[in-house]
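Please read the structure below before turning to the comments.
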Amino acid sequence: MRLERNLYQIRAEVLLNFLYPEVENGLLVQSKGTFYRNYNQDLLELNLEEHKVQLARDGFLKLLPEGLLTKTSDLQGEDVAQKYKELEWRKELLTEAFAPFDTYVFHKKLTIERYTSELLEHKLEYVLKTYFNYDLVAEANPLVKEAAVLLPFVSRWRGDFAFIANLFGALMDCEVERSEGRFSHVDTTVCWLPEVRYRLLIPGLTTEEYRKKTELLQPLIAFVKEWLIPFDVRCDICIREHPETANVMHESLTLNYNTELSSKTLETEEENNI
């Protein structure tokens, strides 16, 4: 779908807050009328040296009823051109007289626009803090920061084990092996709990790299178990060597959190067997 964006429809408050955020007060507003909006943008001219801004919108003067400041007979009779100049001069004086009202209203709108922009910029933090009691700003783990974006949709994704596997794969940039079954702490299946296991297949990790990734992964595991795994499901998540590389001899092969199989160990065992 193609979206048509007309830059001429951008309000002056939006442009000033984006281009000149330091400009807040001191601008004198000159309202030129909505007639200019037929072929111009809302912000006609900005002069920071003279602290003036021209807007293509009606000012306070346009709100006054017709006939209050002029009469129908002002252009009647002789010397119409001179009378028209006098009317234009009177209009300029009235525009200058009502300029403080237009300036005051514009500054109020500018403040509201700035506040609204800041609120929309931090709307995710606001929603998570207000409705989920989760402080995204205070979160230090980068993986949890990315996963926390899903909290507003947690009711949709809770219990979707395939989605959780894709989430781990995207955040850890690895292949994820998922298996589902039943768990029981006794030797019978009379009482059991549903179980899901996730194996993050990351090949070629050294012991130190494995330790760092495991430490980085722990806050994400806690987050996923709290928000995305149903309370009655037993979940096990860990890092494993990729099965395709496990069959190929490397200098070292990480099997588990405290197990490392090296090629030198295998050679020594083979010599002892001989």
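The values are calculated or read from the model by the stated rules, or taken from the named source; none is laboratory data. Keep in mind the model is a prediction, meaning the values are calculated, not measured. Note that each Cβ is placed from the backbone with ideal geometry, even for glycine, and that neighbours are counted across all protein chains shown. Calculation scope for accessible area: heavy atoms of the full protein, side chains included, ligands and nucleic acids excluded. Shrake-Rupley method; radii C 1.70, N 1.55, O 1.52, S 1.80 Å.
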For segment 145-190, alpha-carbon Rg relative to the globular expectation (2.2 N^0.38 Å, N residues): 1.53
Cross-link list 52/108; 52/85; 62/108; 108/129: which exceed 23 angstrom alpha carbon to alpha carbon? 52/85; 108/129
The alpha-carbon center of segment 80-111 and that of segment 188-223 are separated, in whole Å, by 71
Take residue 129 and residue 48, extend 7 Å from each Cα along the Cα→Cβ direction, and tell me the distance between the two endpoints in nm. 3.1
Please give the per residue accessible area of segment 99-206, computed with a probe of 1.4 Å over protein heavy atoms only, in Å². 64
